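The numbers here are math on the coordinates, done by the rules we state, and not lab data. What you see is a predicted model; the values in this text were computed from it and never measured. Ideal geometry is used to build each Cβ from the backbone, glycine not excepted, and the neighbour counts take in all protein chains shown.
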Amino acid sequence: MTNLLNIPIKRQNMTLSIRPDLTSADQVLSYEPTKQQPKVTYEEMKQAVRTLLIGLGEDPDREGLLDTPSRVVKALQFLTKGYDDSLDELLNGAVFTENANEMVLVRDIDIFSSCEHHILPIIGRAHVAYIPNGKVIGLSKIARICEMYARRLQVQERLTSQIADALQGLLKPQGVAVVIEATHMCMVMRGVQKPGSWTVTSAMRGVFAEDGRTRQEFMNLVRHNVKFH
Ligand SMILES: [Zn+2]
C-alpha cells in the first residue's frame, strides 16, 4: 500500500445546508440519507434470500443451506447497522473545549463498507485530520464516525464526504481532511476483475481545501508509513 497516494485524487465537495433551528449534530444528520422504516418482515426477507438461492440453481432445503437465509439477513442487517446510529448518540458528549490549533491526525482507520451497487464489500483504510478551532473530539470517536457511515450501503466518494462534513459540522474546525484508500470486491471478484486495484478518494474542507501547504503537510503525514515493530 506504500505508493497508493501517488494515484491522482478525486476531490469531493459537498455543501452542508445550515438550519438555525437544529443543533450542529442534527444539522449534519438533516441531509443524510436515512433508512426507511422496513416495509417487509424478517420472514419476508428470509424468503427473498431463499428465492435468490433457487434462482441460482441451488436447493435451499439441502442441509448446508437450511440456515443460510436467516444468516444472510442477519449479516446484511449488521453490515448496514450504521443507519441506526446517530452522531449525537455516538458522540455522547465527547466534544471538548480546548485551546489547541495544531493538526490532529488519526491514520489507518479500518473501513469495512458495502457498495450500494452490488452489496459487496469495500475494504480499506481512512485517514482523518482536522485543525481545531476551540473544540476537540475524543480520538476514538473519529473511528466511530467512520464506522457509522461505513456500515451503510455506500459509494466511496460519499463515505469520504460524509465523514468530513460530520466533523466540520460538529467541531467547526479550521479544516478537515479525509482520505480513504479502499479496494472494492465488486471490481476484484467480478466485472473487470482487477485484484490489487485501489481507489483513493479525498474530501478537504476549510484550510485543507484553501491552503496548499496545509494540505501537503497532511498528505506527507499520511504517506509516511509508521512502524512501531
Ligand atoms: Zn459495486
### Query
Quick one: if the Förster radius is 25 Å, what FRET efficiency do Arg213 and Leu139 give, using the C-beta to C-beta distance and rounding to 0.05?
0.55
### Task
Please give the length that would be gained between Met189 and Arg62 if that part of the chain were fully extended, namely 0.36 nm times their separation in residues minus their C-alpha to C-alpha distance (nm, one decimal).
43.1 nm
### Query
Can you list residues whose amide H is under 5 Å from Gln154's amide H, if they're 5+ apart or on another chain and H is modeled 1.01 Å from N?
Ser114, Cys115, Glu116
### Task
Find the Cα radius of gyration of region 141-184, compare it with 2.2 N^0.38 Å by division, and give the number to two decimals.
1.12
### Query
Tell me, what is the FRET efficiency for Arg223 and Ser197 to the nearest 0.05, using R0 = 30 angstrom and their Cβ-Cβ distance as r?
0.95
### Task
Please give the FRET efficiency for Glu44 paired with Leu120, using the beta carbon to beta carbon distance and R0 = 30 Å, rounded to the nearest 0.05.
0.85
### Query
In a solvent-free Debye calculation with one equal scatterer on each Cα, what is log10 I(q)/I(0) for region 86-223 at q = 0.17, 0.18, 0.21, 0.22 Å⁻¹, listed in the order of the q values?
-0.87, -0.96, -1.22, -1.30
### Message
Taking 0.36 nm per residue of sequence separation and subtracting the Cα-Cα distance, how much length would be gained by fully extending the chain between Val155 and Val104, in nm to one decimal?
### Response
15.8 nm
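In what order do Tyr42, Tyr130, Tyr83 fall by count of nearby beta-carbon atoms within 10 Å, going from fewest to most?
Ordered by Cβ neighbours within 10 Å, fewest first: Tyr42, Tyr83, Tyr130.
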### Query
Using a basic spin-label model with each label point 7 Å from the Cα along Cα→Cβ, how many nm lie between Lys74 and Asn92?
2.5 nm
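Below 8 Å between Cα atoms, with a sequence gap of 6+, how large is the relative contact order for region 67-177 in percent?
Values: 175 pairs, mean separation 35.0, N = 111.
Reported relative contact order: 32 percent.
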